[in-house]
1. Whenever you get a sec, compute what percent of the accessible area on chain A sits on carbon and sulfur atoms (1.4 Å probe).
2. Just to confirm, what accessible area per residue do you get for segment A:7-61 at 1.4 Å probe, in whole Å²?
3. Once the Cα atoms of chain B are picked out, what are the Rg and Dmax in Å?
4. What is the helix-to-structure angle for B:36-49, meaning the angle in degrees between its Cα long axis and the longest Cα principal axis of chain B, kept from 0 to 90 and rounded to the nearest 10?
5. Given q = 0.18, 0.19, 0.20, 0.25 Å⁻¹, what are the Debye log10 I(q)/I(0) values for segment B:1-91, with equal point scatterers placed on the Cα positions and solvent ignored?
6. Quick one: 3J(HN,Hα) in Hz for segment B:181-195, Karplus 6.51/-1.76/1.60 with θ = phi - 60°, rounded, Gly and Pro as x.
7. Straight-line reach only, C-alpha to C-alpha below 30 angstrom: list the lysines that A:LYS341 could link to, leaving out same-chain residues fewer than 8 apart.
8. Quick check on segment A:233-292: take the gyration tensor over C-alpha atoms, sort the square-rooted eigenvalues as a ≥ b ≥ c, and tell me if it's rounded (a/c under 1.5), prolate or oblate.
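The values are calculated or read from the model by the stated rules, or taken from the named source; none is laboratory data. Worth saying up front: this structure is predicted, and the values here are computed from it rather than measured. For neighbour counting, all protein chains shown are included, and Cβ atoms are generated from backbone atoms with ideal geometry for every residue, glycine included. Just the protein is used for accessible areas: all its heavy atoms, side chains included, with ligands, DNA and RNA removed. Shrake-Rupley method; radii C 1.70, N 1.55, O 1.52, S 1.80 Å.
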Amino acid sequence: MSQHLDRAQLLMEQRRLPEAEKELAQALQENPESGSVFRLLALCKIMGQNYPAALAPAQKALALDPDDPSNHYILAVVYFYNNQSEQAKSLIRSGLNLNPYMPNMFELAGEIAMHEDRWEEALLNAEKGLEIDPEDTELVNLRARALLKLNRTAEAEATMNYALYTDPHNSMSHANQGWVAVNQNNFEQAIASFKEALRLNPQNNHARAGLKEAIKAKNPLYRGILNYFLWMGKMQSGKQWWFIIGLYFLYRIVISLNKNYPALSFLFVPLIVLYVLFAFSTWIGQPVSNFFLRFHPLGKHALSSDENRAANWVGAQLLALLCIAILYWIAPEAGWLGWSKDRLFFALLVVGTMLIPVSGSFMAPVGSNARKQLAWYAIILAVFGFIPVLFPAAFVLLGVYGLGIFAYAFVANYILHRAARRF
Amino acid sequence: MELNDLEFLLEAVKASPDNLPLRKLLASALLKNRRFAEAEVEYKEALRMAPQDLGLQMGLATAFLEQEKHGMASVIMEDILALDMPPPQAWIIQARILLAMGNARDAQEAYDNAITLDPNLADAYLNSEISQKLDTEPEASKVRLGGFGETEEEDRIIEFERPKVSFNDVGGMEKVKEEIRLKIIHPLEHPEIYKAYGKKIGGGILLYGPPGCGKTHLARATAGQIKSNFMAVGINEILDMWLGQSEKNLHAIFQKARQIKPCVLFFDEVDALGANRSDMRMSAGRHLINQFLNELDGIEQSNDGVLVLAATNAPWHLDPAFRRPGRFDRIIFVPPPDEAGRAAILEIHLRNKPVKDVDYLKIAQKTPGFSGADLEAVIDIAIEGKMEESMRKGIPLPIETNDLLKALGKHRATTTEWFSTAKNYALFSNESGQYDEVLKYLNVKK
């Protein structure tokens, strides 16, 4: 093997990617038809998370050495990260035809299945891979994650214990052990696991996210929201939609029942309030709880800068809400300086409901298209909401605002869902 | 001795010309004040009174030597060294004479004689001068690392130098400089104090911090400050060690450093060499790391006079074994330059360029977190813009404050990313508090 190739591999191990790429470029000058050099180049791009750029070298590697299953593997990985799962799957099949004993192939297949909410298939692939290499930590971790989604928590726990027994210094394993504990609502244990995971690798985002949730979940109010999210996360996305829409229709039915049978309103009104609170909390639960997490000594460091920003926005809104509520409370019947009680009430309503689009925008990944679309939606909503509050003559606009807020839940859910699938 | 005291001594000798001890005092005082011609006269005068006094003879020889009258100096020394038990100091003087006469090999011998008789006479500076001379052939100022290329020309070569920069050329960084003074410079200047406390001179300092903040520059300046040799081992040499005849080459580097001591041996990006075991799953064997640790410990050969400096952007990837006492026991955080430092850097970089009333402080205020390399990039962008404008207008225009401010918009501080990583390590993986400095810099309360 050429000297440049050796050096490139060494540099990649040390995660010095720009230097590694330079060495690979030199290796290509020596041997422009080497599939393995192109494969390493693709790997380099993947490690640097530049997925589109990995496509060309990975394809070239496979074209040069179509009989090398590792080239099938690397191109499959690249396709997967470029959101082209179908091509990835067909390459996994062709790679396994060449060599059926590649644990990383099964791992990739499992990861794709996980990504597409097919937990059973993910578990199956993890187990096939483990048949070849029972100590592959990544496969063990994949298996535990799949088991968690399938609600087989006890098995997941045993799997993670085994993973940590074979490799006690694996940050990912500790993080997954923490997530098992979160699912068991054993938050003290979860926090300890996540801390250990972060000690081993402070850059482990999986552990950091877990630490956040575990600290917040010590509050019983948030625990409800977290358990709802975990439960929703175990559903396949199609079912999730049916659940949301079904719940909404149920709510409409209860409202119309309430209209027709006023005598039973003692039964219906709490249900309606409960639903509204629930729907509201699914949107604002994260940022509001993050806002309070900012006062936790360890928790505040677990928040990313974007989460901090979201928490600040929501905190400011909550403060404004509180101020207007106090004003409303102490204002005389006639109001102040032309601000009637009604107007204050509308202000209260708009600021309160604006929490939803503001929080919703931050749910999309930073810099994504979804973030931009949702942010514009929120800005337009704000214009329609605040103009009638400031200029009562434009009262009609408030109707548009109401419609916009109503539609938001569905539009945003759709946009977020689509964005969550992308890398 | 103060000049006034010297004048006083001169008066005193004039008043009592036969007072031998007083004359001796005067002669050595003149020598110390580098008034060699007068010292020569006084020594001669004193020797007339006490012709057998060895101290006076050696003093005269030194006075001759300093006036480059080598022949006369060596005549005196030959007589002294012909004695049965010449004083050890005489060998030192002889070594200096021989060195001045260009006979490095014999000078080395004389120096070795002196050290054998009295180890306290060790003079690092003289020793390195001698070894420098010994290696005057061009080949010898390099360490040839064999085993990489097909032919000898392809072998990698590490050169050493005697840097001209000193701490005065390093803007800001007072705290870091103080640490280095304590660990490296004081021991060399006052070896007796360290000897009295039984403390070994040498050992290592690890510099860490965001890229482009002057770690390498500082290491070079350290070597310049103590007027020692400087050998820099970079990432390419280290990589070759992983692949080629690793241990042998590493040993060769350390051997060379010992040979030309005092020497500052600088390892850039040392994390490439001492990566944590768990990070290097794929690479077989840890012999290179072990070899490095052995050399640092100086088990086979003493590292006296060899100072090891290392720099890294990723101290968390370094094997914990490196941090044990006697190795890199002092870990220094090199932060990005502060406001005054940034202004100084801007000024240095713009020194020989056409500028007009540049408000350095204003730019420094607007560039928090910028590294030296970042500031250089900003200047580069500003100059490019200005050149374009100059070509359009046909007259060369000077760079103004506004040009630099405009360039600021096109460049972001590269240290931000480093700090977000470092913060994570400082918060979650900081058991022994080695990253507390980072937290302090970021003003994060734990």
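1. Values: 13530 of 21290 Å².
Looking at chain A in its full context, I get 64 percent from C and S.
2. Numbers: 2510 Å² over 55 residues.
Result: 46 Å² per residue.
3. Looking at chain B, its Cα Rg and Dmax stand at 27.5, 84 Å.
4. The angle comes out at about 30 degrees.
5. Each listed q corresponds, in turn, to -0.77, -0.84, -0.91, -1.26.
6. Each residue's phi maps through the Karplus curve to give 4, 5, 8, 10, 7, 4, x, 6, 7, 10, x, 5, 5, 5, 5 Hz.
7. A:LYS259
8. Details: a/c = 4.04, a/b = 1.50, b/c = 2.70.
Oblate, since a/c reaches 1.5 and b/c is not below a/b.
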